[in-house]
Amino acid sequence: MLVACMGLGGLLPGVTLAQEPVDLDMVSRIRQEAFHRSQVMDHLSHLTENIGPRLTNSPSMAKANDWAGSKFREWGLANVHNDAFADFGRGWEFTHASVEMIGDRVLPLHALPKAWTPGTDGTVEGELVRVNIKKMADLEQYKGKLGGKILLLGDAREYKRGTEADSHRHDATSLEGLQEFTVPRTANADRAKRLKEFKERQELGRAINEFFVAEGALAAISISGWDNGIIRVAGGGSRKAGESAGIPELAMIAEHFNPLVRSLEAKETIKLRVRVDARFTDEADQPGYNTLAEIPGSGSKAGEIVMLGAHMDSWHTGTGAADNGAGVAVMMEAMRILKAVGAKPRRTIRVALWSGEEQGLIGSQDYVSRTFARYPEPTDPAQKALPASLREPTGALQKMRDYDRFSAYFNMDNGSGRFRGIYAQENMAAMPIFEAWLKPFHDVGATTVVTRNTGSTDHISFDRVGLPGFQFIQDRLDYFSNVHHSHLDTWDHAEPEDLKQAAAIVASFVYHAAMREEKLPRKPLATP
């Protein structure tokens, strides 16, 4: 049964909005499959507890690519393949990490290694020394002083007690707050400052890696970004062949790091024993791989494309369940649901499970540049040194063959929380369409369409070149208090019923995008 829904509640005086058809029969079938025969937690369980964390180009990431492809083939999807993006760098993995205080007082200390830093080649022991380097000139004071030492990097951090609950769900007030749009400031000066600081950090990081190796330091320890025993850790060293990966570097819980700082400030001698078993799995830089598959369209619109996706890569200390196994499980489940209910879309529905997102949207940005559109390569060396996702547009947009065949991309990457609606990315013409598509899911909490932009994940690769790319509004749960990029990012923090709801909404959205008469409207493309 097709019904026509008015968007925005008919609240725009003097504006006549076309009625957006919604196939309630298909929505009902999708809901039945998603809510009563769900496999979404099976996908998440295998990805996180059988395969585990999926650092880009690691052996586990390769296993995840292969497993996802095998599931897509099992479900009867077409054009299943791994899509390569060039020269990401070397793979890396670790299997053991331990830090102990030794001497008169013996104490195990909780720390985990930063990705792409080397192992210790067995157990090393050394005196702990404070090192604080914030600019190139600071290196000079440590020359000749670090050989055989274990380095404590940076300062202690004062503990601040939480004032809010660890886990958060939206309510009517917070959803209403999302309706407010902040007019952006002119960002050129701020952007130039941020890019300058980014470049300086990169240059200083490379110099520090080389300096510590040359000085003969044994290992380095920095403080976790979060308190309460949470180890929040990302990358260090270097993934690029030919660059120094530095010395083994670990992130330590604040509650163990701070006492070490106080002991050294009191002029106590502290000795540590450190062992990190870590290795680069490749000698030379390797391509990374996204995994793609399709439900082919039929008829005159079969050449047009609707996409859905999530990044499958993760950091290495948890199992990447919230970031972003949840998104992968939901997008895979949406494709399974559409096949199970016998959907016959007019447009081709293409799913992409990205890699390299955590290092700067690398997999999705590279795919978009090869498939849909890109800006010319910069000639300015400073711009060329930046990741593509941070570069300023240079010259006119270069459109590929499929640019005009593209309709929309839908992304998930904010943990396992329930969908509450969708960010329209300032695409005003899309808002009444989304209002109509959400209406059959009001009863499960998805009610809100907001004009706001949201960033920092793979839909930005599409939005940046003028293609409609969207991210859903989600309950954040404990995503930004406990699990994001931390060793607590595991299956236990996922919410099964929320993921079932999300899969149903994604399946319905991409189905309706594939069936509507016109492609989704596009907002004006910003000129460089």
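A few notes on this one:
- Selection status of A207, more than 20 Å from L260 (Cβ to Cβ) and free of Cβ contacts under 8 Å to residues at least 12 places away in the same chain: no
- Scanning the stretch 466-500 for residues that are farther than 21 Å from D313 by Cβ, surrounded by 23 or more Cβ atoms within 10 Å (Cβ to Cβ) and acidic (D, E) yields a total of 1.
- Selection over the stretch 19-58 of residues that are part of a helix (DSSP H, G or I), over 16 Å from G342 (Cα atoms) and in contact (Cβ under 8 Å) with a residue 40 or more places away in the chain gives a count of 9.
- The set of residues in the stretch 225-239 being at negative phi and part of a loop (DSSP other than H, G, I, E, B) consists of G225, W226, D227, I230, I231, V233, A234, G236, S238, R239.
- Matching residues in the stretch 326-363 - criterion: being assigned to a loop (DSSP other than H, G, I, E, B), of a type outside the set (G, A, S) and at negative phi: V341, K344, P345, R346, R347
- All positions within the stretch 165-199 that are touching a residue at least 24 places away in the same chain (Cβ under 8 Å) and within 27 Å of N228 (Cα to Cα): D166, S167, H168, R169, H170
- Check on D463, surrounded by fewer than 18 Cβ atoms within 10 Å (Cβ to Cβ) and either in contact with an Asp or Glu (Cβ under 8 Å, 6 or more places away or on another chain) or among the acidic types (D, E) (or both): no
- Any chance T186 is modelled with pLDDT under 95, outside the structural domain of V261 (by TED's automatic domain parsing) and of a type outside the set (D, E, K, R): yes
- Residue identified as modelled with pLDDT under 95 and surrounded by fewer than 24 Cβ atoms within 10 Å (Cβ to Cβ) among R401, R346, R405, R370: R401
- Subset of the stretch 378-398 that is out of contact with any strand residue (DSSP E or B) (no Cβ under 7 Å at 6 or more places or on another chain) and over 24 Å from E358 (Cβ atoms) - its residue that is surrounded by the most Cβ atoms within 10 Å (Cβ to Cβ): T394
- Check on G318, surrounded by fewer than 24 Cβ atoms within 10 Å (Cβ to Cβ) and assigned to a loop (DSSP other than H, G, I, E, B): no
- Members of the stretch 85-125 that are buried (at least 20 other Cβ atoms within 10 Å of the Cβ) and out of contact with any Lys or Arg (no Cβ under 9 Å at 6 or more places or on another chain): L109, A111, L112, P113, K114, T117
- Extreme residue, farthest from Y367 (Cα to Cα), among residues of the stretch 437-460 that are over 24 Å from the mean Cα position of the chain (by Cα) and surrounded by fewer than 23 Cβ atoms within 10 Å (Cβ to Cβ): D443
Conditions tested, residue by residue: (1) closer than 18 Å to P524 by Cβ; (2) among the acidic types (D, E); (3) in contact with a Pro (Cβ under 6 Å, 6 or more places away or on another chain).
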| residue | (1), (2), (3) |
| --- | --- |
| M400 | no, no, no |
| D404 | yes, yes, no |
| G415 | no, no, no |
| I422 | no, no, no |
| T451 | yes, no, no |
| D463 | yes, yes, no |
| G469 | yes, no, no |
| H487 | no, no, no |
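- Of residues in the stretch 259-301 being touching a Phe, Trp or Tyr at 6+ places or on another chain (Cβ under 8 Å), under 30 Å from M101 (Cα atoms) and not aliphatic (A, V, I, L, M), the one surrounded by the fewest Cβ atoms within 10 Å (Cβ to Cβ): R279
The values are calculated or read from the model by the stated rules, or taken from the named source; none is laboratory data. Here the structure is a predicted model, which is why all the values come from computation and not from measurement. We place every Cβ from the backbone using ideal geometry, glycine too, and count neighbours over all the protein chains shown.
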